[in-house]
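Below: the structure, in structure tokens.
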Ligand SMILES: C[S@@+](CC[C@H](N)C(=O)[O-])C[C@H]1O[C@@H](n2cnc3c(N)ncnc32)[C@H](O)[C@@H]1O
């Protein structure tokens, strides 16, 4: 038992492997973040693993009783409540952007390389996500003329991008007005380069135009659309950004012959998260409408699913 509880640690080469890059391609900023974070974890023993699986299965019952998807049901009201309270705490706390880390980065068991793992640090999830985000910023955003995050939530990605990409306009869009209010209120800290907008991905506004050379980002936002991503996808193709980068759960790259991935895919189906998006992108690529630049299962996720799979593509 003592042996099973031994801690292992994620190093730079583990992150590089996850993103399908060589050690040489790892940006220095990521190396520094990896050195600063605590990436120790241990595998679960049999009882802990059973308890984790039972927790997931019990959660299924909750979702089976919900008739509508987030996109169809009261998803918007829920996000309004969440981001209103973040906005109020942000103002009361003196506009400190460090306070914008969303509440779903809680200490918990994570999915790591095809099995569950117990992190040593309560900050493991947010620290691992921060390294991934930094890699995306360094790799895909540095030449962008403007960056747009759709479904931007608390705006914490927008603030980080504005910090790391000086001189670039960063836009955050969400269907709740509180996201835009948060962004507008921290914008002076970044020379007024951050802009918040209300935008509904289910009912896209063709009059909202992206500037030329724009890069688009979504993080856990397409996830919410279930099968209703087509209007937003067509909007993006028409707007012709230089690149679109998604960090989303992509069920089609899971291996459902394993219990571990089957659980994640079943969770996504019950939660009515994104489905059919990757096959649709592949069909568009076959028809010469887009080019897929990267598909990567980063093999890191929350207890329930691989939330951080990466797809990058560009309209042709
Ligand atoms: C899980 S949160 C992710 C937020 C942020 N991208 C992040 O990384 O923390 C999902 C976000 O998508 C937004 N969202 C959901 N459906 C949307 C829609 N139809 N149009 C615009 N935003 C939407 C929610 O309001 C919420 O802010």
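May I ask you to list the residues in segment 195-207 that are within 12 Å of the ligand (Cβ to nearest atom) and not in a strand (DSSP E or B)?
Correct list: 199, 200, 201, 202, 203, 204, 205.
Yes or no: segment 266-276 includes at least one residue that is touching a residue at least 12 places away in the same chain (Cβ under 8 Å), farther than 20 Å from residue 146 by Cβ and touching a strand residue (DSSP E or B) at 6+ places or on another chain (Cβ under 9 Å).
Scanning segment 266-276 turns up at least one residue that is touching a residue at least 12 places away in the same chain (Cβ under 8 Å), farther than 20 Å from residue 146 by Cβ and touching a strand residue (DSSP E or B) at 6+ places or on another chain (Cβ under 9 Å).
Mind listing whichever residues of segment 133-158 are touching a strand residue (DSSP E or B) at 6+ places or on another chain (Cβ under 7 Å) and part of a helix (DSSP H, G or I)?
Passing the criteria: 136, 140, 141, 157, 158.
For (1) within 15 Å of residue 148 (Cβ to Cβ); (2) within 10 Å of the ligand (Cβ to nearest atom), each residue gets a yes or a no:
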| site | (1), (2) |
| --- | --- |
| 169 | yes, no |
| 177 | no, no |
| 193 | yes, no |
| 214 | yes, no |
| 232 | yes, yes |
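Assigned to a loop (DSSP other than H, G, I, E, B) and surrounded by 14 or more Cβ atoms within 10 Å (Cβ to Cβ) - does that describe any residue in segment 74-89?
No, segment 74-89 contains no residue that is assigned to a loop (DSSP other than H, G, I, E, B) and surrounded by 14 or more Cβ atoms within 10 Å (Cβ to Cβ).
It is to be established whether one or more residues within segment 152-161 are away from the ligand (no atom under 12 Å from the Cβ) and touching a helix residue (DSSP H, G or I) at 6+ places or on another chain (Cβ under 8 Å).
No, there is no match, as no residue in segment 152-161 is away from the ligand (no atom under 12 Å from the Cβ) and touching a helix residue (DSSP H, G or I) at 6+ places or on another chain (Cβ under 8 Å).
Which numbered condition trips up residue 98, out of (1) within 16 Å of the ligand (Cβ to nearest atom); (2) surrounded by fewer than 12 Cβ atoms within 10 Å (Cβ to Cβ); (3) modelled with pLDDT of 95 or more?
(3)
Given (1) touching a residue at least 60 places away in the same chain (Cβ under 8 Å); (2) crowded, with 19+ Cβ neighbours inside 10 Å, identify the lone condition not met by residue 281.
In the conditions (1) touching a residue at least 60 places away in the same chain (Cβ under 8 Å); (2) crowded, with 19+ Cβ neighbours inside 10 Å, residue 281 misses (1) alone.
Taking the stated definitions as given, is residue 39 within 16 Å of the ligand (Cβ to nearest atom) and under 30 Å from residue 296 (Cβ atoms)?
no
Condition test on residue 255, is it part of a loop (DSSP other than H, G, I, E, B), surrounded by fewer than 19 Cβ atoms within 10 Å (Cβ to Cβ) and at pLDDT below 95?
Yes, satisfied.
The values are calculated or read from the model by the stated rules, or taken from the named source; none is laboratory data. Every value quoted in this text rests on a predicted model; they were computed, and no experiment measured them. Cβ sites come from the backbone with ideal geometry, for glycine too, and all protein chains shown count toward neighbours.
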